[in-house]
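Everything below concerns the one structure shown next.
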Amino acid sequence: MTDRPRILLTGAAGYIATHTWLALAEAGFDVLGVDNFANSSPKVLDRLAPLLGHAPRLEVLDVTQTDALQDLLRREPVQAAVHFAAYKAVGESTQKPLDYYRNNLMSLISVCEALRSQGCHRLVFSSSATVYGDPGVLPLREDAPTTSTNPYGATKLVGEQILRDLGVADPAWQTACLRYFNPVGAHPSGLIGEDPRGTPNNLMPYVAQVAVGRRERLQVFGNDYPTHDGTGVRDYIHVVDLANGHVAALRRLLEQPGSFTVNLGTGQGYSVLDVVRAYEAASGRPIPFDTVPRRPGDVAACWADPTHAHQLLGWQARHGLARMCEDSWRWQRLNPLGYDSPTPDTP
Ligand code: UD1
């Protein structure tokens, strides 16, 4: 037993969730993780243990199974949930829209129902900057127009709407929608990080695998965008900063009434070539690349106005691009095969 507030973490073995787990533990929360390992490895638990100083408590459970989740929460009541469990590959979502709508929306509904059944009405939801579609005005404020351009993005947009509707129907609900920009980097220990299955879809994990020799060359998707060097510009945010954003959001929900939506970004945009150069500097390895046509669905540029998160939560990102690349590289270098690599020495 513990008198620390217990928090349910769904999708707890995932990339952002594991970093948030550590941040929550450091902030004095008692974390109850659930995951069905649909897109993650149980091996992450062995990496979390030395960082937490104890074995992580994780129940293997599919959160769309509301009865099983309710049973768990009856045994282990929580004060709030941070809901990460979702599918997240944009390209795959266009091939398997029903899987995405079913999994991402049913999991959210199920978590809300299970929380409500034990009298808990606090939820932090993983949203995405993808809800802004092709941005009209930069930097993006939370009141910018939203739209969806693929089924994955639609599940985030509808997820936000579900939570708004829930708050209207029952003002007891307090929810936080966190619109992530581009999470990258890894915990400085080198023990946990991003471990994509198959070919990485996202830029930094792909660059990391080129640096470590797992892939030969990067493909740069387009050099004819209206940006400073023609390649796409994004707001990369260190995953540890992002994790701390969840702690700040949760504290706010626990301490004050009300619901909110915030951008979690740095406010600074970098191009694909900026990232390549920063990674070369961090790793000391060349990143050979070819320029190929634009990837369908990509926007030219996207970065946040993070003012609202700062004013509301007192949170701001601390780490710059060099640190993001250094921490990503340490993780990749120590774990060339991700969690299938032997565990590096504990720091
Ligand atoms: C992508 C998703 C977004 C999701 C986010 C999660 C798409 C279209 N968008 O965002 O919905 O929320 O991941 O992190 O998939 N790039 C290359 N070569 C590569 C990979 C990427 O040049 O091999 C470029 C892209 O064209 C883009 C930039 O790198 O300009 C960042 O791409 P990526 O890391 O995939 O993130 P987003 O597309 O911004």
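The values are calculated or read from the model by the stated rules, or taken from the named source; none is laboratory data. Bear in mind the structure is a predicted one, so any value in this text is a computation, not a measurement. Note that each Cβ is placed from the backbone with ideal geometry, even for glycine, and that neighbours are counted across all protein chains shown. Just the protein is used for accessible areas: all its heavy atoms, side chains included, with ligands, DNA and RNA removed. Shrake-Rupley method; radii C 1.70, N 1.55, O 1.52, S 1.80 Å.
The portion of the accessible surface of the chain made up by carbon and sulfur, rounded to a whole percent, is 49 (1.4 Å probe; DNA, RNA and ligands excluded).
Can you tell me which lysines have their Cα less than 26 Å from the Cα of Lys96? Leave out same-chain residues fewer than eight positions away. The reachable lysines, counting only those whose Cα sits under 26 Å from Lys96, are Lys88, Lys156. Spin-label model, Glu255 to Arg214: label points 7 Å out along the Cα-to-beta-carbon direction sit 3.9 nm apart. Can you give me the angle between helix 151-169 and the longest principal axis of the chain, using Cα atoms only, in degrees from 0 to 90, rounded to the nearest 10? It is inclined by approximately 30 degrees.
The calculated Kirkwood hydrodynamic radius for the stretch 144-230 is 16.9 Å, given to one decimal from all distinct C-alpha pairs. Between the alpha-carbon centres of the stretch 188-250 and the stretch 1-63 there is a gap of 23 Å.
Solvent-accessible area of Ser283, all protein chains in place: 20 Å² (probe radius 1.4 Å, heavy atoms, ligands and nucleic acids excluded). A simple spin-label model places pseudo-atoms 7 Å from Cα toward Cβ; at Asp134 and Gln95 they are separated by 2.5 nm. Potential lengthening of the chain between Ala38 and Arg102 amounts to 21.6 nm, from the contour at 0.36 nm per residue minus the alpha-carbon distance. For the stretch 228-271, the convex hull spanned by the alpha carbon atoms encloses 67 Å³ per residue. The Cα atoms of the stretch 64-175 give a gyration tensor whose axes a ≥ b ≥ c have a/c of 1.5 or more with a/b no greater than b/c, which makes the shape oblate. Compared with the alpha-carbon gap, the fully stretched path from Arg294 to Gln161 is longer by 44.8 nm at 0.36 nm per residue. From largest to smallest, the equivalent ellipsoid semi-axes obtained for the stretch 189-260 from the alpha-carbon gyration tensor read 33, 20, 9 Å.
Once a ≥ b ≥ c are taken as the square roots of the eigenvalues of the Cα gyration tensor of the stretch 1-149, is the result rounded (a/c under 1.5), prolate (a/b larger than b/c) or oblate (a/b not larger than b/c)? Prolate is the answer for the stretch 1-149, as a/c is 1.5 or above and a/b outweighs b/c.
Backbone amide hydrogens, once placed in the peptide plane, bring Val31 within less than 5 Å of Ile7, excluding anything fewer than 5 places away on its chain. May I ask you to list the residues of the stretch 44-74 whose amide nitrogen lies under 20 Å from a point 7 Å from Cα along the Cα→beta-carbon direction of Thr343? What the label zone holds, given the 20 Å backbone N cut-off, is 44-60.
Heavy-atom accessible area, probed at 1.4 angstrom with all protein chains present, ranks Ile237, Ile16 as Ile16, Ile237, highest first. For the pair Arg4 and Ala68, the difference between a 0.36 nm per residue extended length and the Cα-Cα distance amounts to 20.6 nm. Sorted into 5 angstrom bins from 0, the C-alpha pair distances of the stretch 66-110 split as 5, 19, 22, 21, 13, 11, 7, 3 percent. Helix 272-283 and the longest principal axis of the C-alpha atoms of the chain enclose an angle of approximately 90°.
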